[in-house]
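The values are calculated or read from the model by the stated rules, or taken from the named source; none is laboratory data. Being a predicted model, the structure only gives us computed values, none of them experimental. Using ideal geometry, Cβ is built from the backbone for each residue, glycine included, and neighbour counts are taken over all protein chains shown. Only protein heavy atoms, including side chains, enter the accessible area calculation; ligands, DNA and RNA are left aside. Shrake-Rupley method; radii C 1.70, N 1.55, O 1.52, S 1.80 Å.
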Amino acid sequence: MYPGYNPNPYSTGGYPGSTGPVQTTTTVTRTTTAAFNNSWYAPYYHQIQQNASQFNSLQYWFQSVDRDRSGSISANELAMVQFYGRPLGFPCAVKILRAFDQDRSGSIDFREYVALHGFLQTISSAFMMADRDRSGTLDPTEIFTALSGAGFLLTQPTVISICRRYNNTGMGLSFDSFLMAAAHLAIGTREFFNLIISNRLLCFFSQKHFSMERSYALR
């Protein structure tokens with residue numbers, strides 16, 4: 001078992017404040033199917049959708065996190081989610097929500113929430129695989145490995161810049177700091193995909209990763 005992590009992504013006691021099974025509510029889906037499928041995070045959703053048990057479990061958790069029963073989740077609600085035994089916290093929740101809030105409404109619907117969950121799982125797995133010495137922090141070399149494992153293909157200078165920005169303690173990136181860095185990169189990925197949709201970039205993709213060739217010929 002990797003130290004400091006709970007194998008259950010969410011608190012075993014349920015969402016803070018919950019008192020048992022929640023009532024089923026109608027889930028709000030604001031983003032059209034076409035727009036959603038064109039989003040950078042759609043593959044996370046479709047992967048989880050294939051696992052009926054996990055998908056149904058996330059429906060329950062979405063309803064638990066959606067405390068005001070609005071059918072969507074705000075940053076305040078997301079901040080309280082217990083991921084690997086610790087709440088995400090408001091600053092991280094704001095950053096992550098921004099990456100998955102396709103329509104920029106300030107909240108995410110169920111599909112976006114499922115995709116977000118898949119993203120968090122990927123980031124966590126990449127962190128644990130890269131932290132080979134089990135120190136709980138990543139040095140620059142490990143950060144490069146972890147980001148690559150999470151699907152971000154970056155140059156070494158870019159990784160060094162990320163280290164400088166998020167290495168607040170000088171001891172390497174903790175999981176919380178790594179998650180903040182990954183959320184920052186996810187926001188950039190979203191903006192990149194938005195440029196694709198608006199036909200302002202020529203893009204070349206592989207199955208899991210992507211590389212970018214900046215060209216504004218289609219402006």
Restricted to segment 56-75, and to residues that are assigned to a helix (DSSP H, G or I) and open to solvent by 30 Å² or more (accessible area, probe 1.4 Å), which residue is nearest to residue 91 (Cα to Cα)?
61
Would you say residue 190 is at pLDDT below 85 and open to solvent by less than 40 Å² (accessible area, probe 1.4 Å)?
yes
When you scan segment 117-167, how many residues do you find that are open to solvent by less than 20 Å² (accessible area, probe 1.4 Å) and hydroxyl-bearing (Ser, Thr, Tyr)?
1
Are there any pairs, at least 6 apart or on different chains, whose C-beta atoms fall under 7 Å, with the first in segment 84-97 and over 18 Å from residue 114 (Cβ atoms) and at pLDDT below 85 and the second open to solvent by 30 Å² or more (accessible area, probe 1.4 Å) and of a type in the set (A, V, I, L, M, F, W, C), and if so, which?
87/80
Residue among 94, 114 that is surrounded by fewer than 21 Cβ atoms within 10 Å (Cβ to Cβ) and not in a strand (DSSP E or B)
94
Restricting the first residue to segment 175-193 and requiring it to be within 21 Å of residue 142 (Cα to Cα) and charged (D, E, K, R), which pairs with a second residue that is open to solvent by less than 30 Å² (accessible area, probe 1.4 Å) and assigned to a helix (DSSP H, G or I) meet a Cβ separation below 8 Å and a spacing of at least six or different chains?
176/92
